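The values are calculated or read from the model by the stated rules, or taken from the named source; none is laboratory data. Quick caveat, the model's predicted, so the values are computed rather than measured. As a convention, Cβ positions derive from the backbone with ideal geometry for all residues, glycine included, and neighbour counts pool all protein chains shown. Accessible surface areas use protein heavy atoms only, side chains included; no ligands, DNA or RNA. Shrake-Rupley method; radii C 1.70, N 1.55, O 1.52, S 1.80 Å.
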Amino acid sequence: FLAAALSDPALEDHHARNSHALTERLARLLGAADPRLADVEERAATLAAAVEGIATLAAGNPAQWPAERQRRALERVIAAVQAPGA
């Protein structure tokens, strides 16, 4: 989808809206999980980028990125974005 969106303005807009909506939702969830966190929008954007990257790697090379490896990577990223002062 992303590859197609790069050359199609309608798909690009759709992708941008959905990416923004995901980041906003993640920011709300991070803020609800720990109201003391600063910069939840930046943390959420980092998490969204990592999720998209993990998904892309898994789609492109499922043998190297089985579900358990994806889960471990995601757990590490979540821990990092929730770390105080991160």
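Based on protein heavy atoms only, the chain ends up with 70 Å² per residue of surface accessible to a 1.4 Å probe.
Taken about its Cα centre, the chain carries a charge dipole of roughly 380 debye when the Cβ of each Lys and Arg holds +1 and the Cβ of each Asp and Glu holds -1. Extending each Cα 7 Å along its Cβ direction at Leu29 and Glu75, get the distance between those two points in nm, one decimal. Roughly 1.6 nm, to one decimal. Ligands, DNA and RNA left out, the 1.4 Å accessible surface of the chain is 60% carbon and sulfur atoms. In the chain the Cα-Cα distances spread across 5 Å bins starting at 0 as 3, 14, 19, 20, 18, 15, 9, 3, 0 percent of all pairs.
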